[in-house]
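Notes to accompany the following structure.
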Ligand code: X2X
């Protein structure tokens, strides 16, 4: 049952709103995300569900579906489904939305960010709001930004210390921009669902992949199937918790604030645990037998230079106005 009907029904049925935000009847919303149930994405989504259940006195239930189950395993389809109201809620990362909204690639431009302060100045500031405005035009209401993280490269062939080491490696990538980045490095990229990646790595269909340490590599046990990791921090990927505009519009202002606050708290928690997991992550991965390489500043500069063509190409696609807005916020955070 939807809320627009609830106000009328509630009054007619003589419901008394005594305190807090009340719902006239129980409602269950479905939340889709595209990683496994051990990740910080999942923990953030579950925290949101807990907070809403608590604050609506059990009237608002969120069921969390991992592994892009609700979009037939297609992680890029979730955003489009939320946009047309086929899904109520989504937690997904920016790169997954780029087929629908190319501007979302701005976050992940190679070496745009150097640290978390710069990240927070954009996701928690005016640039994040600007991207939320763009998603709203597609029927998606961004409730809060969370974190997938700085994406690090892993593979089974050799340690990656320079752009040359990437040459000829068969790399699984998540989205279109990363195809161009991998091509710039001379690797052979292949776009693949995350849900199919672990077995592709295990079977040697691809040599490597790239993902954040705290949010994905550790909780999804990528270290079980990959020997080498290089912490090259080449691309940042935020996640967001979004709701279908058609669902959102049925809530009154109090209900909307309750939902937005729960989302903000859940994603703040999600960012915290992701950063903690990442900070402790390299030591943990070494204990698990991975060979981890941490490039020097000079070596990072070489990766940055080699990926510049992909930056330029995608900055043009995103548009100078948005890229400039991000760069200004980043410069101000330095
Ligand atoms: O597919 C991936 O690599 C993941 C889980 O990080 C994203 O959703 C982009």
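Please treat every number below as a calculation from the coordinates, not as lab data. What you are looking at is a predicted structure, and each value in this text was computed from that prediction instead of being measured. Note that we place each Cβ from the backbone using ideal geometry, even for glycine, and neighbour counts take in every protein chain shown.
When peptides 40-48, 172-180, 287-295 are ranked by their average number of other Cβ atoms within 10 Å per residue, the highest-first order is 40-48, 172-180, 287-295. Modelled this way, with points 7 Å down the Cα-to-C-beta line, the labels at residue 302 and residue 63 are 5.2 nm from one another.
Per-residue Cβ neighbour counts within 10 Å put 233, 33 in the sequence 233, 33, beginning with the fewest. Relative protection proxy for 73-79, 26-32, from highest mean packing down: 73-79, 26-32 (other beta-carbon atoms within 10 angstrom).
Which shape class applies to the range 263-314: rounded if a/c is under 1.5, otherwise prolate when a/b exceeds b/c and oblate if not, where a ≥ b ≥ c are the square roots of the Cα gyration tensor eigenvalues? Taking the square roots of the gyration eigenvalues as a ≥ b ≥ c, the range 263-314 is oblate.
To the nearest 500 deg cm²/dmol, what mean residue ellipticity at 222 nm is calculated for the chain from DSSP H runs of n ≥ 4 alone, each contributing -39,500 (n - 2.57), summed and divided by the residues? Don't jump to the answer; show the numbers that get you there.
Numbers: 13 runs with 145 residues, N = 334.
Dividing the helical sum by the residues of the chain leaves -13000 deg cm²/dmol.
Angle check, please: helix 253-279 long axis (alpha carbons) against the longest principal axis of the chain (alpha carbons), in degrees 0 to 90, nearest 10. It is inclined by approximately 30 degrees.
Counting only DSSP beta bridges with both residues in the range 24-333, tell me the antiparallel percent, nearest 5. If I count the DSSP bridges inside the range 24-333, around 60 percent turn out antiparallel.
Which residue, 203, 256, 69, tops the fluctuation ranking in a GNM of the chain built on C-alpha contacts under 10 Å? For the chain, modelled as a Gaussian network with Cα springs under 10 Å, the answer is 203. Students often get this wrong: which residues of the range 54-69 have the backbone nitrogen under 18 Å from the point 7 angstrom along Cα-to-C-beta of residue 261? Residues 54-61 fall inside that zone. If a spin label sat at a point 7 angstrom from the Cα of residue 294 along the line to its beta carbon, the backbone N atoms of the range 187-229 nearer than 16 Å would be those of 213-214, 229. Taken along the Cα-to-beta-carbon direction at a fixed 7 Å, the label points for residue 276 and residue 158 span 4.0 nm.
Applying 0.36 nm per residue to the separation of residue 114 and residue 334 and subtracting their alpha-carbon distance, the gain on full extension is 78.3 nm. Please give the helix 297-318 orientation as an angle from the longest Cα principal axis of the chain, in degrees from 0 to 90, rounded to the nearest 10. The two axes meet at around 50 degrees. With 0.36 nm allotted per residue and the present C-alpha distance subtracted, the residue 316-residue 191 stretch has 42.8 nm of extension available. For the pair residue 129 and residue 199, the difference between a 0.36 nm per residue extended length and the Cα-Cα distance amounts to 21.5 nm.
For residue 167 and residue 46, the FRET efficiency from 1/(1 + (r/R0)^6), where r spans their Cβ atoms and R0 equals 45 Å, is about 0.60.
Measuring nothing but how far apart in sequence close Cα pairs (under 8 Å, 6+ apart) lie, relative to its length, the range 170-242 scores a relative contact order of 28 percent. Neighbour counts of other Cβ atoms within 10 Å put 37, 133 in the fewest-to-most order 133, 37. Footprinting exposure proxy ranking of 192, 267, fewest other C-beta atoms within 10 angstrom first, gives 192, 267. The distance separating the Cα centre of the range 211-236 from that of the range 295-318 comes to 20 Å. Taking every alpha-carbon pair under 8 Å whose residues sit at least 6 apart, the range 24-333 reaches a relative contact order of 27 percent.
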